[in-house]
Amino acid sequence: MSRSRFDIRAQPGFGFITLFTFFALYLPIAALVVYSFNGAESLSQWGGFSSRWFVAAWQNSAVQDAAIRSLVIALWAASLATVAALMAALATTRTAPYRGQTLKYALINQPLMVPEIVTAVALLIVFSRIKVWTGYSGLGYLVLAHTAFCIPFAYLPIRARLESMDLTLERAAADLYATRWKTFRHVTLPLLRPAVIAGFMLAFVISLDDVVITEFVKSGGQDTLPTYMLGQLRRETTPEINAIATVFLALSTVLVVIFFFINRKKQ
């Protein structure tokens with residue numbers, strides 16, 4: 001059967017526009033990856049294939065400290081954000097409609113609509129007062145800031161999954177005298193597992209590469225890998241930055257592939 005004349009794929013120029021879009025999106029990334037293997041000191045002049053900058057980044061103690069700090073913050077923030085998002089999604093979907101439900105949905109997703117710089121300044125003001133009152137200036141502020149920013153990213157896939165789930169199994173569990181906790185543990189949560197994993201991975205990646213909020217909230221000596229890279233770009237730029245960015249890209253790709261296989265296995 002021939003395609004409908006209203007099919008977008010049949011419109012003139014669709015193929016060219018698609019190829020051009022992919023070209024514009026991925027050409028800079030491809031250039032970044034290629035020049036991370038540049039043997040020269042320059043970012044713009046090719047000096048032959050070499051993995052020296054990956055070795056240099058691996059042996060750089062500042063990069064090691066920043067990478068470990070980034071992973072610790074991202075793991076804590078993603079875990080807390082996913083738990084909070086799961087509870088918020090259950091509270092806004094597994095209940096009868098009530099006054100203020102839409103307002104709660106808007107408030108949960110507000111960090112997605114508010115410019116990140118506004119959130120960063122607000123957190124800076126709040127945390128600066130808490131630091132004065134308590135004298136504490138550890139990584140807890142970064143964990144809390146990243147958690148607050150990542151909640152809507154974890155909330156959206158979980159809520160979408162809950163809204164599309166059939167209630168038959170949950171109702172059957174209730175008919176068999178299962179408590180709400182047992183129903184959630186043995187029925188709802190297993191069905192939600194792909195969405196929970198997706199929300200966790202999304203929150204983890206968002207926290208891992210955050211710059212603006214981290215730059216405003218962090219104290220001295222608390223550089224994460226993105227803020228370390230930003231500082232290096234301001235001082236001395238070498239292909240080592242390209243190597244670190246390539247590792248970031250590889251990590252994100254691995255997370256997406258893992259989620260794809262987990263989701264396919266569940267289906």
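Values in this text are rule-based calculations from the coordinates and carry no lab data. Here the structure is a predicted model, which is why all the values come from computation and not from measurement. Note: ideal-geometry Cβ built from the backbone for every residue, glycine included; neighbour counts use all protein chains shown.
What longest region of the chain stays clear of trypsin sites (Lys or Arg not before Pro) that DSSP places outside H, G, I, E and B and that have at most 16 other Cβ atoms within 10 Å?
The reported range is 100-267.
With a cut-off of at most 12 other beta carbons within 10 Å, and DSSP calling the residue loop, which chymotrypsin sites (Phe, Trp or Tyr not before Pro) in segment 73-140 qualify? Please list them.
Those satisfying the criteria are Y98, Y136.
Compute, for the chain, the length of the dipole vector about the Cα centre, with Cβ point charges of +1 (Lys, Arg) and -1 (Asp, Glu) only. Units Debye, rounded to 20.
Roughly 1000 debye for the chain.
Just going by the charge dipole of segment 60-266, with Lys and Arg at +1 and Asp and Glu at -1 on Cβ, which of A96, A172, A203 is farthest out on the positive end?
Going by the Cα projections, it comes out as A172.
Between segment 174-203 and segment 118-149, how many Å separate their Cα centres?
The distance from the Cα centre of segment 174-203 to that of segment 118-149 comes to 32 Å.
Within straight cross-link reach of K104, meaning Cα distance under 19 Å, which aspartates and glutamates are found once same-chain residues fewer than 8 apart are removed?
Within the straight-line cut-off, K104 pairs with E163.
For the chain, what is the calculated [θ] at 222 nm in deg cm²/dmol (nearest 500), taking -39500 (n - 2.57) for each run of four or more DSSP H residues and dividing by its residue count?
Only helices count here, giving -24000 deg cm²/dmol.
Using the Kyte-Doolittle scale, find the helices of the chain whose mean hydropathy is at least 1.6 and whose Cα atoms extend 30 Å or more along the helix's long axis, counting only whole DSSP H runs.
The qualifying helices are 14-35.
Using DSSP to call loops (not H, G, I, E or B), can you name the chymotrypsin sites (Phe, Trp or Tyr not before Pro) in segment 143-247 whose Cβ has at most 10 other Cβ atoms within 10 angstrom?
Answer by residue number: Y177.
Here are several values of Rg and Dmax of the Cα atoms in Å: (i) 18.4, 56; (ii) 19.8, 71; (iii) 22.8, 72. Which one was derived from the coordinates shown?
Structure-derived value, by its label: (iii).
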